[in-house]
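Have a look at the structure below before the remarks.
The values are calculated or read from the model by the stated rules, or taken from the named source; none is laboratory data. Since we're looking at a predicted model, the values are computed, not measured. Positions of Cβ are backbone-derived with ideal geometry, glycine not excepted, and every protein chain shown enters the neighbour counts.
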Amino acid sequence: MGKLDGRVVIVTGAARGQGEQEARLFAAEGAKVVVADVLDEQGEALAGELGALYVHLDVSREADWVAAVAAVKQAYGGVDGLVNNAGILRFNALVDTPLDEFMQVVQVNQVGCFLGIRTVAPELSDGGTIVNTASYTALTGMAAVGTYAATKHAILGLTRVAALELAPRGIRVNAMCPGAVDTAMSNPSRLDPDADPAEMTRALDELYRKLVPLGRIGRAEEVARLALFLTCDDSSYITGQPFVIDGGWLAGVSVI
Ligand code: NAD
C-alpha cells in the first residue's frame, strides 16, 4: 500500500529540483501525479518516466491554471492534492530592486500560489490537501533577497487563511519553509552540464558546515518527504501551519 494510492496530485515547478523529487516520491507512493512546469522538455521527460501527466503551466497566468485543471479532470476525473512548489529567486538590495523585478517575483511566487489555491480548491475532493512552498525567509529576514522574502511571508498568510476557509470541507492547507536546499536555485552550477553534481554538493556542504547546525545543505529528497507527510493521512489533524525544514538554521546562533 502506498501512502497516496489513487490520489491525483498536481505538483507545480516539477520539472526539476524539489518539485521533481516530490513528483518521484508521490508516484512511488501510488499517486497519479501531474507534473506542471514551464520547462516542457524536462517536464515531459519526467512525466514519461513516471507514467504521469505533463501540463504546461505558468503559475503566474490565470488562463494556464484553468486549462491545466481542465486537462487534469479530463485525464483523471478529479484532483485530490496540490503542491504549490514553483518559485523564482532574485538577488538585490531593496533600494536597488527595479519595480519590474519586484513584480516578476510577486507574480510567480505570490500570485502563482494564490491562483493555485483559487483555481484548484473548488475542484479538490473533500479531504484534499494543499501544500504551499514558502521558505526559511518566510519567517526571518535575509539581506539581498527582500522581494523573495516578502512573497514567502505572503505565502504563509495565504496558507493560514486558506486553511480556515477550506477546513469545513476537510481540506488541509500547510506550508513548508525550507532553508538552503541543493537545487539549481541555491546552486546554479547544477545547470552546468559539465559540472560534477557530487563535487558541487561536497562544496556546498562545506559552505554550510558553519552556517547550519546540522552542518550541511538540505537535499531536495528531504523536502519531498515533508511534502509527502503533509499530503498523506499521516498529517490528518494538521492544517494552517508552517513547517521549517532547515537543518536547525532558524533555531538560533552559537556564540562558541
Ligand atoms: P529550482 O529552480 O530547481 O526549481 C523551480 C522550478 O519552478 C523549476 O522547474 C522552474 O522551471 C519552475 N518555475 C519557475 N517559474 C515558474 C512558473 N512561472 N510557472 C511554473 N513553473 C515555474 O528550485 P527549487 O529549489 O526546486 O525550488 C522549489 C521551491 O522551493 C521554490 O518555491 C523555492 O522558492 C523554494 N525554496 C527553495 C530553496 C532552496 O534553497 N533551493 C529554499 C527555500 C525554498
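Values for this structure:
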item	result
Residue among Asn174, Asn109 that alone is in a helix (DSSP H, G or I), polar (S, T, N, Q) and surrounded by 17 or more Cβ atoms within 10 Å (Cβ to Cβ)	Asn109
Search result, residues across the range 147-164 that are closer than 27 Å to Met103 by Cα and out of contact with any Ser or Thr (no Cβ under 7 Å at 6 or more places or on another chain)	Ala150, Thr151, His153, Ala154, Ile155, Leu156, Gly157, Leu158, Thr159, Arg160, Val161, Ala162
Residue in the range 54-62 that is at pLDDT 95 or above, under 19 Å from Pro122 (Cα atoms) and part of a helix (DSSP H, G or I) present	yes
The lone exception for Met185 - which of (1) without any contact (Cβ under 8 Å) to a residue 60 or more places away in the chain; (2) within 15 Å of the ligand (Cβ to nearest atom); (3) not in a helix (DSSP H, G or I) it fails	(1)
Test: Leu207 is within 19 Å of the chain's Cα centre (by Cα) and not in a loop (DSSP other than H, G, I, E, B)	no
Within the range 1-21, tally of residues that are assigned to a strand (DSSP E or B) and aliphatic (A, V, I, L, M)	4
Residue match in the range 1-12 (condition: among the charged types (D, E, K, R), within 12 Å of the ligand (Cβ to nearest atom) and at negative phi)	no
Neighbours by Cβ (under 9 Å, 6+ apart or cross-chain): first from the range 192-221, farther than 13 Å from Asp182 by Cα; second assigned to a helix (DSSP H, G or I) and of a type in the set (D, E, K, R)	Gly215/Asp205; Gly215/Arg209
